[in-house]
1. Would a scan of segment 27-42 turn up a residue that is more than 17 Å from Lys79 (Cα to Cα), of a type in the set (Val, Ile, Thr) and either at pLDDT 95 or above or surrounded by 11 or more Cβ atoms within 10 Å (Cβ to Cβ) (or both)?
2. Out of the residues in segment 68-84 meeting the condition of being of a type in the set (S, T, N, Q) and modelled with pLDDT under 80, tell me which one is nearest to Arg20 (Cα to Cα).
3. List pairs: first residue in segment 37-53 and within 11 Å of Thr15 (Cα to Cα), second residue surrounded by 11 or more Cβ atoms within 10 Å (Cβ to Cβ) and of a type in the set (S, T, N, Q) anywhere in the structure, Cβ distance under 7 angstrom, at least six positions apart or on different chains.
Amino acid sequence: MVEKAANIPPRYLRTQEAARLLGLSERTLEKHRTYGTGPTYRKLGGRVVYSVEDLQGWADRGLVTSTSDPRGGTVLPAKRHTSPSSATAGGRFPR
């Protein structure tokens, strides 16, 4: 069994590097952040960073082997999504 070395810090990527790793544009990754559909990120001062592990985990949610696979863990597109409870809650912006 391979263990993580305790002395190696986790690797964090800025938005540009993270987008390149995922094969997305920076703007798409920014939209995912805005809508809450993207990978987990951290704010360090004024900087947004992503751990490589979080990026890989998010990408793995979209893993399928065929078009007939159930899509329970689908990665959502970078756009606003409504939930059944928020559709009737009323708010500032129309849904």
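The values are calculated or read from the model by the stated rules, or taken from the named source; none is laboratory data. Here the structure is a predicted model, which means the values were calculated and not measured. Using ideal geometry, Cβ is built from the backbone for each residue, glycine included, and neighbour counts are taken over all protein chains shown.
1. Step one: filter segment 27-42 for residues more than 17 Å from Lys79 (Cα to Cα), giving 41-42.
Of the ones still in play, those that are also of a type in the set (Val, Ile, Thr) are none.
Looking through segment 27-42, none of the residues is more than 17 Å from Lys79 (Cα to Cα), of a type in the set (Val, Ile, Thr) and either at pLDDT 95 or above or surrounded by 11 or more Cβ atoms within 10 Å (Cβ to Cβ) (or both).
2. By that ranking, first place goes to Thr74.
3. Val48/Thr15
Results for (1) in contact with a Leu (Cβ under 6 Å, 6 or more places away or on another chain); (2) assigned to a helix (DSSP H, G or I); (3) at pLDDT 95 or above, shown as yes or no for each residue.
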| position | (1), (2), (3) |
| --- | --- |
| Arg20 | no, yes, yes |
| Tyr50 | yes, no, yes |
| Val64 | no, no, no |
| Ser86 | no, yes, no |
| Gly90 | no, no, no |
